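Visitor: Sharing a structure below in structure tokens format, with a few things to ask.
The values are calculated or read from the model by the stated rules, or taken from the named source; none is laboratory data. Because the structure is a prediction, the values reported are computed rather than measured. Cβ: placed from backbone, ideal geometry, glycine included. Neighbour counts: every protein chain shown.
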Amino acid sequence: MRDARASSGPFLLFCGSSSPARKEAWTRIQTVGFIIPPHLTNHVTSSNRLSKHFSTSRFSLSSSTRTAVSSSMIFLAAFLALILSIVLSLVFLPRSLRFGGELLGRYLRRASRTRRELLLSRVNTEQRAYEADHKAKRDHGEEDDDWEEVEAYKVGSAENGGKADRDWSGVVGFLHPFCNAGGGGERVLWAAIRATQKRWPEAICVVYTGDHDVNKDDILKRVKDRFNIHLHPPTVHFLYLTTRHYVLSSTWPRFTLLGQSIGSVILAYDAFSLLVPDIFVDTMGYAFSLAFSSLLFPTVPTGAYVHYPTISTDMLSSLDAGGQGINAGTGQGYRGQAKRQYWQLFAKLYCKVGSTIDVVMTNSTWTQTHIKSLWSPYRNRRNSTTTDDIDVVFPPVAVEDVETVIDISPESEKKRGPYIIYIAQFRPEKNHQLIIEAFASFLASNPKLPSYPDEKPKLILIGSVRGADDATRVYNYRLLAHELNIKNQVEFVCDAKWPEMLDWMQRSSVGVNGMWNEHFGIGVVEYQAAGLVSVVNNSGGPKLDIVVKIDGKPTGFHASTAAEYADGFQQALSLSPDETLAMRHRARASAGRFTDQGFADKWLQNMDTLIKLQISRSVRP
């Protein structure tokens with residue numbers, strides 16, 4: 001009976017017995033799903049082990065897959081977070097920068113508030129002292145300055161009698177860290193301040209300078225001696241910067257353009273930590289400082305008088321072989337290509353910066369053309385007070401002063417010799433070496449000069465020496481003249497005062513300019529006013545604006561190479577007396593376009609725009 005039940009299958013065993021055998025069978029059913037005969041038990045055990053092995057293997061594969069998927073999801077989440085952060089930064093970074101800039105601006109305003117109050121008090125004190133001294137001189141019949149004798153320049157008044165008229169009394173800050181240099185850029189600064197003082201007598205003109213070795217009296221005396229410009233002392237003041245070295249090229253031997261631009265931002269911060277002006281004007285070409293001002297002080301209008309673009313398309317092309325300028329041909333090879341890419345990236349940044357400036361003035365047609373090509377596509381007009389976006393304001397030249405002293409007549413010709421003068425600062429871009437070599441070539445040709453049979457030609461180099469670098473260049477130019485065996489016919493006149501410069505222009509016959517792409521050329525206009533025959537570089541302002549035809553006839557000669565300059569010297573000194581006199585008169589007529597009054601009129605139109613902007617922004621809710 002036991003054998004029958006045992007062999008009758010799982011049903012009978014399960015239903016018919018509660019013995020240990022039934023429990024064992026039930027356990028086997030749970031394990032493998034059916035009853036296994038005893039003789040197959042060993043096989044079942046092996047199968048169970050194999051089944052467990054595969055089950056474990058399947059479990060291990062599933063765990064690895066889940067780990068890989070989990071890692072991929074983490075990477076994807078991190079990537080999406082990075083993209084989102086970049087997008088958010090692009091959206092909110094400008095706002096964050098503006099917010100942070102305005103916070104810094106508010107801090108600087110509070111920090112400089114005491115100095116502003118002291119400045120206003122000092123202006124009042126100096127004005128009272130000036131009026132008392134002025135009255136005493138009049139009472140004693142002594143000669144006084146011409147301050148009250150010159151009528152104020154006329155510009156349009158503000159509508160409805162607004163404060164943009166003569167009663168505006170804000171602070172105009174001029175960023176000009178080399179204000180005592182004595183060059184053409186400095187003449188623009190002082191003429192601009194003079195015009196501003198005449199038009200808005202209550203305005204205070206503050207010059208941010210790095211000339212620590214001179215005080216206010218010394219600076220104003222040099223302005224009077226060098227440029228014959230008389231300023232009103234009580235309303236012009238100087239704040240001394242300690243960071244001027246950051247805008248020197250010697251501070252940035254690598255990445256000079258970018259370094260000097262960063263330096264100008266540091267310089268501007270230095271200036272604002274001393275005093276925050278109501279209007280901020282740059283007269284040296286530090287566009288980045290103006291953009292920084294707009295970031296910190298949105299209500300402070302900014303103005304730029306651009307002598308020369310920091311970078312231009314001509315500079316980029318000069319890197320090619322056969323280019324001109326101090327970087328000619330440096331765009332070759334890997335380093336040259338890297339420099340080209342760096343310049344192109346900097347040019348884009350320069351364009352962006354230029355778009356933030358409220359009022360832009362340029363000193364010549366050449367500069368205007370280049371600035372427009374760079375800035376105009378990016379400029380979003382921030383004001384509608386003027387129809388001219390980028391205006392040409394020719395620099396002031398002492399045309400009237402020169403014409404008063406120097407006569408052009410057959411009698412005055414007797415005072416002139418075969419002298420060629422070059423009035424320019426001793427800087428590398430002025431290309432004194434080219435002019436010295438051209439003069440040596442001219443002398444080597446044994447020129448015959450019928451108008452000057454008894455005199456030898458001389459080259460007179462007149463310019464200011466700003467520091468050790470300029471002094472070293474003058475020394476090297478002297479050595480060059482010695483090596484070329486012309487040292488006895490080359491004379492250096494350093495830091496000449498205005499009367500001495502007039503004397504040389506009165507005694508000379510030819511004026512030369514050697515700079516490639518000279519932005520304007522104040523010295524060339526002074527040549528023309530003095531009646532000199534000009535030999536100038538065939539580029540930039542001297543070519544486009546100054547040495548042009550008058551009544552269809554030339555006022556001078558253009559040149560590019562040493563040979564062309566030598567030929568120009570020969571032609572200028574070989575003219576007949578009648579031809580020479582006629583060309584001198586045409587040159588003077590050409591110079592009449594660049595007077596102090598002409599500059600003042602255009603300058604005040606643009607200043608009027610800045611003042612209207614300042615008033616409108618200060619009352620904005």
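Visitor: Based on what the data block shows, is Ser445 closer than 21 Å to Pro418 by Cβ, loosely packed, with under 15 Cβ neighbours inside 10 Å and not assigned by TED's automatic domain parsing to the domain that holds Pro177?
Guide: The answer is yes for Ser445.
Visitor: Moving on to the next point. Which residue pairs have Cβ atoms closer than 8 Å, lie 6 or more positions apart in sequence or on different chains, and pair a first residue in region 215-237 that is touching a residue at least 12 places away in the same chain (Cβ under 8 Å) and part of a strand (DSSP E or B) with a second residue that is of a type in the set (A, V, I, L, M, F, W, C) and surrounded by fewer than 20 Cβ atoms within 10 Å (Cβ to Cβ)?
Guide: Sorted first by the residue in region 215-237, then by its partner, the pairs are Val236/Leu220; His237/Leu119; His237/Val123.
Visitor: Return a yes/no flag: does region 453-464 have any residue that is over 30 Å from Ala192 (Cα atoms), outside the structural domain of Asn606 (by TED's automatic domain parsing) and assigned to a helix (DSSP H, G or I).
Guide: For region 453-464, residues over 30 Å from Ala192 (Cα atoms), outside the structural domain of Asn606 (by TED's automatic domain parsing) and assigned to a helix (DSSP H, G or I): absent.
Visitor: Tell me the residue from Glu149, Glu143, Glu131, Glu117 that is under 14 Å from Pro201 (Cβ atoms) and either at pLDDT 85 or above or not assigned by TED's automatic domain parsing to the domain that holds Leu290 (or both), please.
Guide: Details: Glu149 fails: under 14 Å from Pro201 (Cβ atoms); Glu143 fails: under 14 Å from Pro201 (Cβ atoms); Glu117 fails: under 14 Å from Pro201 (Cβ atoms).
Matching residue, one of Glu149, Glu143, Glu131, Glu117: Glu131.
To keep it simple, each residue is scored yes or no on (1) at pLDDT 95 or above; (2) surrounded by 18 or more Cβ atoms within 10 Å (Cβ to Cβ); (3) farther than 30 Å from Lys448 by Cβ; (4) not charged (D, E, K, R).
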residue	(1), (2), (3), (4)
Thr362	yes, yes, yes, yes
Gln368	no, yes, yes, yes
Leu374	no, yes, yes, yes
Asp388	no, no, yes, no
Val393	yes, yes, yes, yes
Pro396	no, yes, yes, yes
Val402	no, yes, yes, yes
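Visitor: Could you count how many residues in region 533-554 are of a type in the set (Lys, Arg) and assigned to a strand (DSSP E or B)? Step through it out loud before you land on a result.
Guide: Restricting attention to region 533-554, the residues satisfying the condition of being of a type in the set (Lys, Arg) are 543, 549, 553.
Adding the requirement that they be assigned to a strand (DSSP E or B) leaves 553.
Looking only at that region, the number is 1.
Visitor: Continuing with the same structure: Does region 270-282 contain any residue that is part of a helix (DSSP H, G or I) and farther than 18 Å from Leu175 by Cβ?
Guide: Of all residues in region 270-282, those part of a helix (DSSP H, G or I) come to 270-274.
With farther than 18 Å from Leu175 by Cβ added as a condition, the list becomes none.
Checking region 270-282: not a single residue is part of a helix (DSSP H, G or I) and farther than 18 Å from Leu175 by Cβ.
Visitor: While we're looking at this one, here's another question. Which numbered condition in (1) of a type outside the set (Asp, Glu); (2) under 33 Å from the mean Cα position of the chain (by Cα); (3) over 29 Å from Ser576 (Cα atoms) is the only one that Val399 fails?
Guide: So Val399 meets the others, but not (3).
Visitor: For region 465-500, how many residues are in a helix (DSSP H, G or I), more than 20 Å from Pro428 (Cα to Cα) and among the charged types (D, E, K, R)? Outline the logic, then answer.
Guide: Here is the first cut: in region 465-500, the residues in a helix (DSSP H, G or I) are 468-483, 487-489, 498-500.
Next, only the ones that are more than 20 Å from Pro428 (Cα to Cα) stay: 487-489, 498-500.
Narrowing the set further to residues that are among the charged types (D, E, K, R) leaves 487, 500.
The qualifying residues number 2.
Visitor: Can you spot a residue in region 501-511 that is acidic (Asp, Glu), in contact with a strand residue (DSSP E or B) (Cβ under 7 Å, 6 or more places away or on another chain), under 23 Å from Arg222 (Cβ atoms) and assigned to a helix (DSSP H, G or I)? Let's see the steps before the verdict.
Guide: Of region 501-511, the ones acidic (Asp, Glu) are 503.
Applying the additional criterion that residues be in contact with a strand residue (DSSP E or B) (Cβ under 7 Å, 6 or more places away or on another chain) yields none.
No, every residue in region 501-511 fails to be acidic (Asp, Glu), in contact with a strand residue (DSSP E or B) (Cβ under 7 Å, 6 or more places away or on another chain), under 23 Å from Arg222 (Cβ atoms) and assigned to a helix (DSSP H, G or I).
Visitor: Of the numbered conditions (1) surrounded by fewer than 19 Cβ atoms within 10 Å (Cβ to Cβ); (2) touching a residue at least 12 places away in the same chain (Cβ under 8 Å), Glu411 fails exactly one; give the number of that condition.
Guide: Checking Glu411 against (1) surrounded by fewer than 19 Cβ atoms within 10 Å (Cβ to Cβ); (2) touching a residue at least 12 places away in the same chain (Cβ under 8 Å), the one that fails is (2).
Visitor: Working carefully through the options Asn517, Asn476, find the one that is out of contact with any strand residue (DSSP E or B) (no Cβ under 6 Å at 6 or more places or on another chain) and surrounded by 20 or more Cβ atoms within 10 Å (Cβ to Cβ).
Guide: Working: Asn476 fails: surrounded by 20 or more Cβ atoms within 10 Å (Cβ to Cβ).
After ruling out the rest, the residue left standing is Asn517.
Visitor: So which residues in region 555-604 are more than 23 Å from Ser412 (Cβ to Cβ), touching a strand residue (DSSP E or B) at 6+ places or on another chain (Cβ under 8 Å) and in a loop (DSSP other than H, G, I, E, B), if there are any at all?
Guide: Within region 555-604, Ser560 is the sole residue that qualifies.
Visitor: Taking region 211-228 as the search range and keeping residues that are farther than 22 Å from His245 by Cα, surrounded by 13 or more Cβ atoms within 10 Å (Cβ to Cβ) and of a type in the set (Lys, Arg), which one is farthest from the chain's Cα centre (by Cα)?
Guide: The selected residue is Lys224.
Visitor: Being assigned to a loop (DSSP other than H, G, I, E, B) and at pLDDT 95 or above is the filter here, so list the residues in region 418-430 that pass it.
Guide: From region 418-430, those assigned to a loop (DSSP other than H, G, I, E, B) are 418, 424-427; that's our starting set.
The one that is assigned to a loop (DSSP other than H, G, I, E, B) and at pLDDT 95 or above: Pro418.
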